[in-house]
Amino acid sequence: MKKEKSFEDKLNRLEEIVSSLENPTLNLDEAAKLFEEGSILTQELSGKLKEVKFKVEELKNKAGNLVLEPFDEKADETK
C-alpha cells in the first residue's frame with residue numbers, strides 16, 4: 001500500500017518544481033510535465049489548507065473563545 005505524502009513533503013516538492021521551472025534551459029516537454037505536477041500539488045495543498053481552516057473554525061465555534069486571525073499570504077511570501 002502506498003503511503004500518502006505529508007503536507008510538508010508536497011510543499012517541498014512544489015518548491016523543487018518552481019525552482020526547476022525557473023531554469024531557462026529546461027525543455028518544453030519537461031516544463032509541461034512539471035507544470036502539470038505542480039498544478040496538481042497546488043490543488044492538493046490548497047484543499048488541505050481549506051480542510052484545516054474548517055476544522056479550526058469548528059473548534060472555535062465549540063470553544064467560543066478562540067480568535068481566528070486571517071491568513072496573510074503576502075506576509076508569508078517574505079520568508
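Observations on the structure shown:
- LYS3 being exposed (fewer than 12 other Cβ atoms within 10 Å of the Cβ) and basic (Lys, Arg): yes
- Tallying residues that are modelled with pLDDT under 95 and more than 27 Å from PHE71 (Cα to Cα) within the stretch 1-22 yields 3.
- Selection from the stretch 17-34 of residues that are surrounded by 13 or more Cβ atoms within 10 Å (Cβ to Cβ) and within 15 Å of the chain's Cα centre (by Cα): ILE17
- Some residue of the stretch 36-58 being at pLDDT below 75 and surrounded by fewer than 11 Cβ atoms within 10 Å (Cβ to Cβ): no
- Of the residues making up the stretch 1-35, those that are in a helix (DSSP H, G or I) and more than 23 Å from LYS50 (Cβ to Cβ) are GLU16, SER19, SER20, LEU21, LEU28, ASP29, GLU30, ALA31, ALA32, LYS33, LEU34.
The values are calculated or read from the model by the stated rules, or taken from the named source; none is laboratory data. Note that the structure is predicted; figures quoted are calculated from it, not measured. For neighbour counting, all protein chains shown are included, and Cβ atoms are generated from backbone atoms with ideal geometry for every residue, glycine included.
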